[in-house]
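> Structure provided below as structure tokens; questions to follow.
Where a number appears in this text, it was derived from the coordinates with a stated rule and is not lab data. Note that the structure is predicted; figures quoted are calculated from it, not measured. Virtual Cβ from ideal backbone geometry, glycine too; neighbours counted across all protein chains shown.
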Amino acid sequence: MAKVAFLGLGVMGFPMAGHLAKAGHEVTVYNRTAKKSEDWTGKHKGKHGATPAEAAKGAEIVCCCVGNDDDLRSVVYGDKGAFAGMGKGAIFVDHTTASATVARELDAAAKKLGIGFLDGPVSGGQAGAENGQLTIMVGGDAATYAKAEPVIKPYAKAITHMGPAGNGQLTKMVNQICIAGLVQGLSEALNFAQRAGLDTDKVLATISKGAAQSWQMENRWKTMAEGKFTFGFAVDWMRKDLGICLAESKNNKARLPVTALVDQFYANIQNRGGSRWDTSSLIQLLQKD
Ligand SMILES: NC(=O)c1ccc[n+]([C@@H]2O[C@H](COP(=O)([O-])OP(=O)(O)OC[C@H]3O[C@@H](n4cnc5c(N)ncnc54)[C@H](OP(=O)(O)O)[C@@H]3O)[C@@H](O)[C@H]2O)c1
């Protein structure tokens, strides 16, 4: 069992840190809003630190799941940042969905301090975090990965080493590009079925057994048909992720015409007050005319 720190107790981080404690690791948590740290220690065996540096002190592995590139920098750098508290040989595992650029930057900064760095964004959503069933795509040195992989297993269904630092984030971008087009396709299909007067439950039961099947279809079709969106993966987060994909595509010259279009559709959802709605709310743009 390892001495582990977990920084960022949001929708994802709170249950992920809980799985580490349940697995028997000695866990110290940090959260910017202290109340969540207190809630966590009230529910799980472990301690909390007042700063990222304090939580990370003496930890072999420091896991993190905050919002975006700048949030990540703010918990890592500076006197109170995680790197200041970590000793040589310790490993920082970042689960934030961030850019490949910040992953490479943190990897270089960590190396100068004798710290290991892995970018390990996750897929599987809130339910995946709560059930310990996340898919984790990891970038970083192979030796660092080999040491960290057994420790983060309690919240994973699958963990894959994708190559050097940044490759975890690049893989997550591929994931989000797939989802963007897919959710728009699903929205158009369901809206078409409704306007055609079909029984949408029957349509789902039939086509989900064929080539159109997807996680989004299985898990979102019914709530989309019912117009329920106040749960799940927020549109604000998706726009952040698609922004990262579109910025990266300028570096590697990949064309993302559908992704760029769907990103604009999500901007329309934000303008309608749907920033915190689930990404499946795209269908609303087809229904209100
Ligand atoms: N939710 C999902 O379904 C899902 C799925 C896959 C990946 N992700 C990714 O996972 C990450 C976290 O998502 P989430 O849903 O857990 O978000 P969330 O519930 O909004 O939690 C964000 C966490 O980051 C902390 N934080 C944000 N900015 C910070 C800063 N500048 N300094 C210190 N702490 C800061 C927040 O602290 P406070 O409590 O003080 O605000 C909170 O603990 C995001 O990158 C997201 O894209 C989310």
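> Fewest first, what order do T135, T279, T33 take by the number of other Cβ atoms within 10 Å?
Listing T135, T279, T33 from fewest to most nearby Cβ atoms yields T33, T135, T279.
> Spin-label point model (7 Å from Cα, Cβ direction): what's the A211 to T101 distance in nm?
Rounded to a tenth, the inter-label distance reads 4.0 nm.
> Let me ask something else about it. When L113, L72 are ordered from fewest to most other Cβ atoms inside 10 Å of their Cβ, what list results?
If I rank by nearby Cβ atoms, fewest first, I get L113, L72.
> Related question: Expressed as a rounded percentage, what relative contact order does the range 1-137 have, with Cα pairs under 8 Å and six or more residues apart?
So the answer I get is 22 percent.
> Restricting to Cα pairs below 8 Å that are 6+ residues apart, what does the relative contact order work out to for the chain? Please round to a whole percent.
Relative CO of the chain lands at 13 percent.
> For a test of the definition: using alpha carbon positions, the gyration tensor, and the 1.5 limit on a/c, classify the range 87-131 as rounded, prolate or oblate.
Here the range 87-131 falls in the oblate category.
> Follow-up. Under Stokes-Einstein, with the Kirkwood radius over Cα pairs standing in for Rh, what whole-number D in µm²/s applies to the chain at 10 °C and 1.306 mPa s?
Translational D for this selection: 80 µm²/s.
> Out of residues 5 or more away from F92 or on other chains, whose amide H comes under 5 Å of its own, with H placed 1.01 Å from N in the peptide plane?
V62, G116, F117, L118
> Sorting check: for 174-187, 83-96, which peptide has the highest mean count of neighbouring beta carbons within 10 Å, and how do the rest follow?
Order by mean packing, descending: 83-96, 174-187.
> Could you list which residues have their amide H under 5 Å from that of S99, counting only those 5 or more apart in sequence or on another chain, with H placed in the peptide plane?
Here D69 satisfy the definition.
> Please list the non-local residues whose amide H lies under 5 Å from the amide H of T28, H modeled 1.01 Å from N, same-chain partners needing a gap of 5 or more.
V4, A5, F6, K47
> Which of D236, D79 comes first, and how do the rest follow, when ranked by fewest Cβ neighbours within 10 Å?
D79, D236
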